[in-house]
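Asker: Okay, here's the structure, questions in a sec.
The values are calculated or read from the model by the stated rules, or taken from the named source; none is laboratory data. Keep in mind that this is a model prediction, so the values were computed, not measured. In this analysis, Cβ positions are derived from the backbone assuming ideal geometry, glycine residues included, and neighbour counts consider all displayed protein chains. Side chains are part of the model used for accessible areas, which takes the heavy atoms of the whole protein and leaves out ligands, DNA and RNA. Shrake-Rupley method; radii C 1.70, N 1.55, O 1.52, S 1.80 Å.
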Amino acid sequence: MELNFYPLRAYCALLEKEELLAAPLPRELDLGRTVELVSCDSREVVPGTLFICKGVHFKPEFLADAARLGAFAYVSETPCPQVALPCIQVSELRRAMARLAVEYYNDPSQRLPVIGITGTKGKSSTTYYLKYILDEYLATQGSSCGVISSIDTYDGVENFESHLTTPEPLELQKHFANALASGLGCLVMEVSSQALKYHRTLGTRFAAACFLNIGRDHISPVEHPDFEDYFHSKLKIFAQAQLSCVNLDCDHAGEALAAARRDCNRVITFSRKDPAADVYGNDIRKEGHDIRFHVKARGLDRDFRLTMPGLFNVENALAAIAVCQGLDIPEAAVYAGLERARVPGRMEVYANEDGAVTAIVDYAHNRMSFETLFQSVRSEYPGRRIVTVFGCPGKKAFERRRDLGEVSGKYSDLVILTEEDSGEEDTLSICREIASHVAGQGCPYEIQPNRGEAIRRAVLSCREPSVLLITGKGAETRQKRGIEYIDTPSDVDYAQTFLREYDARRAAQARGEEMPETQAGA
């Protein structure tokens with residue numbers, strides 16, 4: 001990408017304008033020197049770098065490394081006197097970093113249409129529905145749509161599996177700049193409550209923002225102290241949007257709609273229940289493996305079709321349609337995009353040869369998504385035994401352990417608890433905490449920390465028609481252990497492998513043969 005580079009003076013003036021300077025600028029600061037890079041990663045530093053000291057794992061050695069590689073000044077809330085570089089001291093590092101990132105990457109969202117999706121559940125599916133629609137539309141212009149999601153990131157230059165739902169500001173603005181330089185027509189992204197609370201998207205202009213729903217999630221000492229903080233963090237997205245779309249069916253819809261109308265000039269509503277909504281969906285039904293539903297909106301009165309399972313996905317489709325209404329995307333592109341749409345790791349359905357065992361791989365990871373998933377499965381697979389495999393992440397969203405334990409225990413015939421990005425917390429301890437809530441619902445459970453072995457156990461234990469819900473990781477191929485991400489097979493890989501093993505064992509049994517016991521890798 002080609003960027004316009006500015007002298008340090010411009011960055012300092014920006015921080016002063018935003019009232020972020022916490023101390024007078026040092027006399028030795030070379031304000032006329034051109035900033036060649038703004039970075040918080042000492043491994044990336046080049047001569048002329050303005051270095052940012054951030055993160056709970058930051059060490060003074062990182063700054064010393066940056067100085068050796070050519071950083072000529074640094075930004076920090078706290079000076080680091082052991083390193084001989086001038087410090088630009090700021091009062092709020094996260095806000096400062098976001099502003100500096102936008103400046104360094106030349107404010108790309110002013111020229112690239114960016115669509116932001118927020119909500120407790122459904123962000124990934126809605127994001128991908130929009131990507132498929134916009135790819136259909138942009139293909140006629142020789143372009144396509146970028147994506148930043150909890151699944152993966154594509155910006156026209158980079159394409160990789162994501163670590164964060166919403167990247168930190170320097171990464172985020174770089175992706176926007178890459179998309180712009182690559183000729184992408186737009187970019188659609190998930191916007192997490194953490195990103196909004198901690199200013200990762202500060203300075204980003206959203207051509208459209210969509211509020212899907214709100215439930216209790218991410219409540220912990222290191223995330224949101226209470227629901228109010230979580231909810232009001234989500235609502236911040238409207239102040240950055242040119243167009244806001246709001247789900248009238250969600251809890252606290254009135255407050256969300258009021259915030260959208262207060263902070264944004266254009267608001268579009270969508271609903272499955274309220275015919276007065278700008279985008280109204282009804283007559284939802286299954287036709288074979290497909291889902292059909294009718295939509296009435298401005299200039300629109302027709303059926304749409306989803307070929308991806310899950311009746312609850314109609315709500316996500318309505319959200320995508322609402323955004324497209326506001327952006328004047330042609331009806332043909334909307335229909336074709338929704339019909340083709342697939343979301344990696346979301347409601348991916350696999351079965352053994354005779355269909356006796358169905359494995360559903362999904363990213364459901366909070367109370368709202370669990371309730372919705374179980375209700376959909378009960379409706380679509382009546383009378384089947386339900387086995388659920390999941391875990392909870394370490395040191396975050398502590399209420400999930402109770403919530404997911406209670407919901408899975410209520411709806412499942414067996415729960416198998418396992419590893420799910422335990423990070424710096426002990427997997428067994430997390431599983432035992434969840435297990436107490438599963439047991440409270442009178443549901444039997446097992447604990448198997450090895451995720452592959454847990455899924456294998458769920459598949460091979462089936463003696464009657466069963467549905468296996470494997471949730472929380474989707475198509476992800478890494479586990480967070482400690483502070484590192486370790487490569488592992490995805491839940492999709494595990495499910496397909498063990499369904500084949502299930503069929504092989506049944507065939508061997510029918511022939512009177514025995515297969516040796518093996519164990520899944522970590």
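Asker: So which residues in the range 105-122 are open to solvent by 10 Å² or more (accessible area, probe 1.4 Å) and either at pLDDT below 95 or not charged (D, E, K, R) (or both)?
Answerer: Y105, N106, Q110, P113, K121, G122 - these are the residues of the range 105-122 that are open to solvent by 10 Å² or more (accessible area, probe 1.4 Å) and either at pLDDT below 95 or not charged (D, E, K, R) (or both).
Asker: Oh, and also: Does the range 386-402 hold any residues that are open to solvent by 10 Å² or more (accessible area, probe 1.4 Å) and free of Cβ contacts under 8 Å to residues at least 60 places away in the same chain, and which are they?
Answerer: R402
Asker: Confirm whether A458 is buried (at least 24 other Cβ atoms within 10 Å of the Cβ) and more than 26 Å from the chain's Cα centre (by Cα).
Answerer: In short, yes.
Asker: Right, here's the next one. Test each condition in (1) among the aliphatic types (A, V, I, L, M); (2) open to solvent by 50 Å² or more (accessible area, probe 1.4 Å); (3) farther than 30 Å from G183 by Cβ for M1 and report the one that comes out false.
Answerer: (3)
Asker: Strands (runs of 3 or more DSSP E) wholly in the range 187-279 with at least 3 residues that are farther than 25 Å from R111 by Cβ - which ones?
Answerer: So the answer is 267-271.
Asker: OK, next. For the range 380-410, what are the residues that are outside any strand (DSSP E or B), among the hydrophobic types (A, V, I, L, M, F, W, C) and either closer than 23 Å to G310 by Cβ or touching a Lys or Arg at 6+ places or on another chain (Cβ under 6 Å) (or both)?
Answerer: Once the filter is applied, which keeps residues that are outside any strand (DSSP E or B), among the hydrophobic types (A, V, I, L, M, F, W, C) and either closer than 23 Å to G310 by Cβ or touching a Lys or Arg at 6+ places or on another chain (Cβ under 6 Å) (or both), the range 380-410 yields C392, A397, L404, V407.
Asker: Is there any pair with a first residue in the range 211-224 that is free of Cβ contacts under 8 Å to residues at least 60 places away in the same chain and a second that is open to solvent by less than 20 Å² (accessible area, probe 1.4 Å) whose Cβ atoms are under 9 Å apart and which are 6 or more apart or on different chains, and what are they?
Answerer: Note: pairs meeting the criteria are H224/S193; H224/D217; H224/Y230; H224/F231; H224/S233.
Asker: For the range 449-485, enumerate the residues that are under 19 Å from R500 (Cα atoms), basic (K, R) and touching a Gly at 6+ places or on another chain (Cβ under 8 Å).
Answerer: Hit for the range 449-485 is R451, nothing else.
Asker: Restricting to the range 475-512, what's the tally of residues that are touching a Lys or Arg at 6+ places or on another chain (Cβ under 8 Å), modelled with pLDDT of 95 or more and among the hydrophobic types (A, V, I, L, M, F, W, C)?
Answerer: Of the residues in that region, 1 qualify.
Asker: While we're on this one: Between a first residue in the range 58-74 that is in contact (Cβ under 8 Å) with a residue 12 or more places away in the chain and open to solvent by less than 30 Å² (accessible area, probe 1.4 Å) and a second residue that is of a type in the set (D, E) and not in a strand (DSSP E or B), which pairs have beta carbons less than 7 Å apart while being 6 or more apart in sequence or on different chains?
Answerer: F72/D30
Yes/no per residue for (1) under 23 Å from S193 (Cα atoms); (2) more than 26 Å from the chain's Cα centre (by Cα):
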site: Y230; (1), (2): yes, no
site: F238; (1), (2): yes, no
site: C245; (1), (2): yes, no
site: H252; (1), (2): yes, no
site: R262; (1), (2): yes, yes
site: S271; (1), (2): yes, no
site: A276; (1), (2): no, yes
